[in-house]
Amino acid sequence: MDRLFSIIRRRRNLVDLIMPKQQGVAGYRIQGSINFDVAFQTMFTAPISSGFVGRLGTGEPINTAVLNAVSGNHVRAVFDPDAYSSIGLADDQHMWLRFVPIDVAGVPGTPGAASLVLTDADHGYGRIVIAGNAPNGGSVDASQELHLPRGMKNLVFLNNETAGGNSLFVAYESGGPEVEIVAADRYDAWEGTQAVLLVRGGGAPVSFSANFTNAFPE
């Protein structure tokens, strides 16, 4: 699945993203969640004509003077994660976002993949950890697709099921080859960089964790 939005700036109390304009799409909705396996909830819908600029968690308006100009055929949205504490988001914690297109009749389309958004402090050299449940699926086509920010390297996967439990399957592209990680085992992927993970459990949802580092730290 293509990336349906890009984070162009992440600073303290600021997420600045752009969404390519699409034919027949009038509203550009962003949903958020504290984790990829937790229900996503609507944060805002950016109109195609004006985009969206939210408010700080304190209730004050975001200072648009600090925003760089953006060229291209995009819809822009700017927000402070602390303004969405009601759905569990916080500026000092990872969050997951996904895009939902809204057509001219106001009907939501198919949500995009869950995308990890790091904190401002996580763009350095430390290891980043994600954890949750991969859904049950019979093939790679039934995997949950997770988008990572930019390129990530030195990936380590842990199947957290007890010995004898179900396997975790991981792929890096739709329809691509999978790696099977048996229960209570780990898999190290030290070569190359990855921006997409497709994860599924073999026979039941599987608890797993993964950690990795930025390929291009700031």
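So here's what we get for this one:
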read-out	value
Strands (runs of 3 or more DSSP E) enclosed by the stretch 166-205 - at least 3 residues per element that are buried (at least 18 other Cβ atoms within 10 Å of the Cβ)	167-171, 194-202
Only listed residue being over 21 Å from residue 128 (Cα atoms) and at pLDDT below 95, chosen from 175, 203	175
Within the stretch 73-124, considering residues that are aliphatic (A, V, I, L, M) and part of a loop (DSSP other than H, G, I, E, B), the one surrounded by the most Cβ atoms within 10 Å (Cβ to Cβ)	89
Pairs where the first residue, in the stretch 5-24, is modelled with pLDDT of 95 or more and the second is of a type in the set (Asp, Glu) and assigned to a loop (DSSP other than H, G, I, E, B), C-beta under 7 Å, 6+ apart	12/91; 13/80; 13/91; 14/80
Total residues in the stretch 129-151, condition in contact with a strand residue (DSSP E or B) (Cβ under 7 Å, 6 or more places away or on another chain) and at pLDDT 95 or above	16
Wholly enclosed strands (runs of 3 or more DSSP E) of the stretch 1-59 bearing at least 3 residues under 20 Å from the mean Cα position of the chain (by Cα) and among the basic types (Lys, Arg)	6-11
Single match in 142, 163, 134, 114 (criterion: assigned by TED's automatic domain parsing to the domain that holds residue 40 and of a type in the set (A, V, I, L, M, F, W, C))	114
Residue within the stretch 152-165 that is under 28 Å from residue 16 (Cα atoms), within 18 Å of the chain's Cα centre (by Cα) and touching a residue at least 60 places away in the same chain (Cβ under 8 Å) present	yes
Output for the stretch 8-33, where each listed residue is surrounded by fewer than 17 Cβ atoms within 10 Å (Cβ to Cβ) and over 20 Å from residue 104 (Cβ atoms)	8, 9, 11, 12, 13
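The values are calculated or read from the model by the stated rules, or taken from the named source; none is laboratory data. Please read all numbers here as calculations on a predicted model, not as lab measurements. Cβ coordinates were reconstructed from backbone atoms using ideal geometry, including for glycine residues, and neighbour counts include every protein chain displayed.
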